[in-house]
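Single-structure report; data block below.
Just so you know, all these numbers are worked out from the coordinates, no wet-lab data involved. No experiment lies behind these values; they were computed from the predicted model shown. We place every Cβ from the backbone using ideal geometry, glycine too, and count neighbours over all the protein chains shown.
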Amino acid sequence: MTDKQARAEWPGTKYQEAELNTEPMGNCLLEANKVINGERQDEYGNPENSFHIIAEYWTTFLKHKYGLAVSLTPLDVTNMMVLFKQARKLGQKHKRDNYVDSCGYEAIGADRLS
């Protein structure tokens, strides 16, 4: 086993060799932080306002389309956007942007909307 390999145990199997990525963990988080506190903040304004408007639009859509008497919140918007990014990861080839955006939505939900 080389220094770039490690043993990884998968449920129901024996140990398998796994390639280690030697990049520091957290780069995705740093990138998401830069995005949500930089370019996106500059382009779209603060997420509380945006997500409040989106929640109102989605609430109105659900009421008129399906007769659902729900009242979505900005935190609901962050949770559904995370689910949107998860769905994209399942239906596309690997794209880092989906991970970065998902981290960003989670951070907004945790830091600004909870």
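Positive contributions from Lys and Arg (+1) and negative ones from Asp and Glu (-1), summed over other residues with Cβ under 15 Å from the Cβ of Gly26, come out at -1.
Summary of packing: across the peptides 72-79, 43-50, 26-33, 100-107, the per-residue average of other C-beta atoms within 10 Å ranks them, highest first, as 100-107, 72-79, 26-33, 43-50.
Remark: the range 53-114 projects, on average over all directions, an area of 4.8 nm² (convex hull of Cα atoms).
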